[in-house]
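To start, the structure itself, in C-alpha cells.
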Amino acid sequence: MTSPVLLLLRDPSGATGHDAVAADQPVALATDLGITRGDGIFETITVVDGIPQALDAHLTRLAHSAALLELPRPHEPAWREAVFAAIDAHDEVAEAFIKLVYSRGIEGSGVPTGWVWLQPSADFTRERTEGIDVVLLDRGYASTIATTAPWLLQGAKTLSYALNRAAIREAARRGADDALFVSTDGYLLEGPTANVLLRLDGRIVTPKTDLGILAGTTQQSIFEIAQVNGYPTSYELLTPADLMRADAAWLVSSVRNAAPIRSVDGVARAIDAELTQSINAGLAARTA
C-alpha cells in the first residue's frame with residue numbers, strides 16, 4: 001500500500017504480536033501518559049529499498065531509553081517483528097522511515113502502549129548536497145548535567161520534544177535551517193534532532209556522549225564508514241571555535257542522513273561535497 005502503515009503492538013514489553021490499524025484511526029487513548037505527559041520514548045529508523053537501517057542499534061537505544069525512564073523493558077522480538085511487518089505491508093519506495101513509539105500507557109494501569117508507523121521520507125536532496133545554515137543556541141545548562149542531574153533524562157530519546165521543536169522554530173526565525181546547542185560552559189552538544197560531526201585535523205570527531213547528549217545511531221555508522229576510509233575517529237570536548245576551524249562539518253540524523261553545515265550564525269564555511277556524498281552513499285548501502 002502507498003498510504004502510511006500503522007501497527008499496534010499487543011504487548012510491547014512482553015510478547016510478540018501486533019494488529020494493523022487504519023492510518024486515520026487512533027492507537028492510544030486521550031489519557032495515555034505518552035500524550036498527556038510526554039512520558040514515553042521513540043526511535044526513528046530509515047528504510048532504504050526495504051532495508052531498515054541500523055535496526056539493532058535503534059532497538060538497543062530504545063531499551064536504553066526505557067531503562068532511563070524506568071519503563072518496562074521493551075520486548076525486542078515484538079518490536080523487530082512489527083518493523084518488518086510494516087515494511088512488508090507498504091509498497092517499496094526508495095526511502096521511508098519507521099517510527100517506534102513506546103508510552104507508559106494509561107496512568108495507573110501499569111500497561112505500556114506501543115506502536116509502529118511507516119511512511120515515505122521527504123526529499124532531502126537539497127540538504128544533503130547544498131548544505132544547511134545553522135545557528136548556535138544556548139542549551140541553558142552546563143556540560144556536566146548528565147552527572148549532576150540525571151533525573152533530567154539527558155541521553156534518553158523521550159517523547160518530550162517541545163523544547164526541540166521550539167529550537168527549530170527559533171532557528172527559522174533567525175533565517176537558518178537548524179540549530180546546534182552549546183552548553184553554558186562553552187561546549188558543543190547536539191542539534192534538536194541531530195548529532196554534529198567535524199572533520200578536524202585529519203580525523204572525524206563528535207562531542208563526547210557523557211555531556212548529556214543522545215548517542216547517535218547515524219553518527220556511529222559514519223564512524224564505521226570513516227574508519228574504513230582511513231579517517232581516525234574520536235569523541236571529544238569540542239567548542240564553537242573547533243566548529244569554525246574544522247575542514248568540514250555535518251549535522252547527521254537517521255532520516256536526513258549527513259547534511260553539511262554551510263554557515264554558522266550567518267558566517268559561511270566550506271563544505272566537502274565529495275566526502276558528504278561518500279558518507280551518504282555509505283549510509284544508504286548499509287544492510288543492517
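No value in this document is a laboratory result; all are computed from the given coordinates. Owing to the predicted nature of the structure, the values given are computational and were not obtained by experimental measurement. Here the Cβ is made from the backbone with ideal geometry for all residues, glycine too, and neighbour counts use every protein chain on show.
In the elastic network of the chain, a GNM with C-alpha springs shorter than 10 Å, the most mobile of Val83, Val27, Val267 is Val267.
Averaging the sequence gap over all C-alpha pairs within less than 8 Å and six or more residues apart, then dividing by the number of residues, gives the chain a relative contact order of 20 percent. Per-residue ellipticity at 222 nm from helix content only, as computed over the chain with -39500 (n - 2.57) for each DSSP H run of at least four residues, stands at -8000 deg cm²/dmol. Structure remark: mean-square fluctuation, Gaussian network model of the chain, C-alpha springs under 10 Å; the largest value among Ala142, Ala89, Ala30 belongs to Ala30. For the range 5-120, the relative contact order is 39 percent, taking Cα pairs closer than 8 Å that sit 6 or more residues apart in sequence and dividing their mean separation by the residue count.
Of the labelled figures (1) 28; (2) 44; (3) 24, only one reflects percent of Cα pairs over 31 Å apart as derived from the coordinates, namely (1). Placing a label point 7 Å from the Cα of Ala270 along the Cα-to-Cβ direction, the residues of the range 207-250 with a backbone N closer than 11 Å are 246-248. A protection proxy built from the mean count of other Cβ atoms within 10 Å ranks the segments 212-224, 171-183, most packed first, as 212-224, 171-183.
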